[in-house]
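Undergrad: Structure provided below as structure tokens; questions to follow.
None of the figures in this text is laboratory data; all of them are computed from the coordinates on show. Please read all numbers here as calculations on a predicted model, not as lab measurements. When we count neighbours, we look across all protein chains shown, and the Cβ atoms used for this are built from the backbone with ideal geometry, even at glycine.
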Amino acid sequence: MEKDILILGIESSCDETAASVVKNGRTVMSNVISSQIDIHTLYGGVVPEIASRKHVERINQVIGQALKDAGVTLSEIDAVSVTYGPGLVGALLVGVGAAKAIAYAAGKPLVGVHHIEGHIAANYLEHPDLEPPFLCLVVSGGHTHLVRVLEYGKFEIIGYTHDDAAGEAFDKVARAIGLGYPGGPKIDKLAAKEGNPYAIEFPRAKIDGCEFDFSFSGVKSAVLNYLNGCEMKGIEVNRADVAASFQQAVVDVLVGRAVGAAKKLGEKRIAVAGGVASNSALRAAMKQACDEAGLGLCYPSPIYCTDNAAMIASQGYYEYMAGTRHGLDLNAVPNLKIGQR
């Protein structure tokens, strides 16, 4: 019988301090997340310096709690995995520094993990039958990508955003209509409760010569122009309709590109990952489109859509099994590209 492999994962790329222990890349033994949302809500978005300081305050306690919840000690851990990019450089450095210290003190291998590749791996945690190859739509506050997962640890980007990421557009539109931060969940809630997704026609951008790429600055600007026009004409704005119509425009583009790419490339299954993957309208539309196209679909539970360390431990497992090892000179790389090693 093969020995179980336990990976300690550490995540601190933005405003969540997280640690997790995952067995064999699939079974979550613990998943501890210390969120900073309440703090950053006061400022309407993430303040990098505050995020870094809060990571320093919480990192040791979060890691200790993850080990305790999993019922294991550092001596039983096979490797330490940590997000080293992309993300906020100060925030990343806290997690990388903690991981290097633990790996050195405990004599364990150190495995650096790409944050977005971790989001993709979040799907492995709840879908035991999911194996490469498959197509993954990654949608978060800072990233919108269409990625072919060719093998564990081998990726091909076939589409990306030329400007705003989907989650970034959600946050900006939410701020413009007075919903505040974080924008994605608040738009989703308001739209689902009261909004008409077809009340206002907002644009669905296409990029000439880039069939599977995205652009969300246009729809964001269209919303701002609509709001300004209403104000100048003295027209009362129905915020729920604006939220729902904007959300529908974004969802239509995301679903259309993903399903279109899967058909053209001959992929049989689509996975969705990242914070926006928890959006209810996106999930419903993607399911309907995949059912109609005869495609399989999977996505993580909301707790694994937002930043967490279980996904980092999962991807860390596959990196570890492939022989990836990093030295104590591992550094934060805020603009790390997918597939870069």
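Undergrad: Among DSSP beta bridges lying fully in the range 36-148, give the percent that are antiparallel, nearest 5.
TA: Counting only bridges with both partners in the range 36-148, antiparallel ones make up about 50 percent.
Undergrad: Contact order normalised by length for the chain, with contacts defined as Cα pairs under 8 Å and 6 or more residues apart; what percent is it?
TA: 26 percent
Undergrad: Okay, moving on. From the Cα gyration tensor of the range 150-207, with a ≥ b ≥ c the square roots of its eigenvalues, which class applies: rounded if a/c is under 1.5, or else prolate if a/b is larger than b/c, or else oblate?
TA: prolate
Undergrad: Treating only the Cβ of Lys, Arg, Asp and Glu as charged (+1, +1, -1, -1), what charge dipole size does the range 133-299 show about its Cα centre? Round to the nearest 20 debye.
TA: The dipole magnitude comes to about 300 debye.
Undergrad: Going through the cross-link list Lys100/Lys337; Lys154/Lys263; Lys3/Lys68; Lys154/Lys206; Lys54/Lys172; Lys23/Lys186, which pairs have a Cα-Cα distance over 26 Å in this structure?
TA: Lys154/Lys206; Lys23/Lys186
Undergrad: Computed FRET efficiency, Cβ-Cβ of Glu211 and Asn60, R0 30 Å: what is it to the nearest 0.05?
TA: The pair Glu211/Asn60 has a calculated efficiency of 0.05.
Undergrad: Here is a follow-up. Working out 0.36 nm times the residue gap between Lys233 and Val89, then minus their Cα-Cα distance, what length gain in nm do you get to one decimal?
TA: Going from the current span to full extension adds 47.4 nm.
Undergrad: Quick one: grab the alpha carbon gyration tensor of the range 41-164, order the square roots of its eigenvalues as a ≥ b ≥ c, and give me rounded if a/c is under 1.5, else prolate or oblate depending on whether a/b is larger than b/c.
TA: It is oblate, given that a/c is not under 1.5 and a/b is not larger than b/c.
Undergrad: Which listed residue (Leu146, Val242, Cys298) has the Cα farthest towards the positive end of the charge dipole for the range 133-299, taking +1 on Lys and Arg C-beta and -1 on Asp and Glu C-beta about the Cα centre?
TA: Selected residue: Cys298.
Undergrad: Still on this model: For the chain, with the dipole built from +1 on Lys and Arg beta-carbon atoms and -1 on Asp and Glu ones, taken about the Cα centre, which of Leu254, Ala103, Gly180 lies farthest toward the positive end?
TA: Result: Ala103.
Undergrad: Report the relative contact order of the range 4-59, percent, no decimals, based on alpha-carbon pairs under 8 angstrom and at least 6 residues apart.
TA: The normalised contact order for the range 4-59 reaches 31 percent.
Undergrad: Let me ask you something else. Taking θ as phi - 60°, what are the ³J(HN,Hα) couplings along the range 24-41 by the Karplus curve (6.51, -1.76, 1.60), each to the nearest whole Hz, with x for Gly and Pro?
TA: So the J values, rounded to whole Hz, are 6, x, 10, 9, 7, 8, 7, 7, 10, 10, 10, 8, 10, 4, 4, 5, 6, 4.
Undergrad: Antiparallel DSSP bridges in the range 133-299: what percent, to the nearest 5?
TA: Roughly 60 percent of the beta bridges in the range 133-299 run antiparallel, per DSSP.
Undergrad: Among DSSP beta bridges lying fully in the chain, give the percent that are antiparallel, nearest 5.
TA: 60 percent
Undergrad: Still on this structure: Going 7 Å from the Cα of Glu151 toward and past its Cβ, which residues in the range 315-341 have a backbone nitrogen under 19 Å from where you end up?
TA: 315-326, 338-341
Undergrad: List the relative contact order of the range 133-299 as a percent without decimals, with contacts defined as Cα pairs under 8 Å and 6+ residues apart.
TA: This gives 27 percent for the range 133-299.
Undergrad: If amide hydrogens are placed 1.01 Å from N in the peptide plane, which non-local residues have theirs closer than 5 Å to the one on Thr161?
TA: Thr144, Phe214
Undergrad: In which sequence would Tyr84, Tyr160, Tyr320, Tyr43 go, from the one with the fewest C-beta neighbours within 10 Å to the one with the most?
TA: Ranked by crowding around the Cβ, least crowded first: Tyr43, Tyr160, Tyr320, Tyr84.
Undergrad: State the extension gain, in nm to one decimal, for the chain segment bounded by Asn225 and Ser35, taking 0.36 nm per residue of separation less the distance between their alpha-carbons.
TA: The Asn225-Ser35 span can extend by a further 65.0 nm.
Undergrad: Classify the range 121-239 as rounded, prolate or oblate from the Cα gyration tensor: take a ≥ b ≥ c as the square roots of its eigenvalues, call it rounded if a/c is under 1.5, otherwise prolate when a/b beats b/c and oblate if not.
TA: Cα axes put the range 121-239 in the prolate bin.
Undergrad: Also: Quick one: Karplus J couplings for the range 165-180, per residue in order, coefficients 6.51, -1.76, 1.60, θ = phi - 60°, nearest Hz, x for Gly and Pro?
TA: 6, 4, x, 5, 5, 4, 5, 5, 5, 4, 5, 5, 9, x, 8, x
Undergrad: Beyond 27 Å, what percent of the Cα pairs of the chain remain?
TA: That tail contains 45 percent of the Cα-Cα pairs.
Undergrad: Work out, step by step, the length gained on full extension between Lys264 and His162: first 0.36 nm times the residue separation, then minus their alpha carbon distance; give nm to one decimal.
TA: Length gained between Lys264 and His162: 34.6 nm.
Undergrad: Placing +1 at every Lys and Arg Cβ and -1 at every Asp and Glu Cβ, with all other atoms neutral, what dipole size does the chain have around its Cα centre, in debye to the nearest 20?
TA: 100 debye
Undergrad: If you wrap a convex hull around the alpha carbons of the range 216-341, what volume per residue comes out, as a whole number of Å³?
TA: Here the figure is 169 Å³ per residue.
Undergrad: Now for a separate question. As a check on your grasp of the helix formula, calculate [θ] at 222 nm for the chain: sum -39500 (n - 2.57) over DSSP H runs of n ≥ 4, divide by the residue count, round to the nearest 500.
TA: Result for the chain: -14000 deg cm²/dmol, rounded to the nearest 500.
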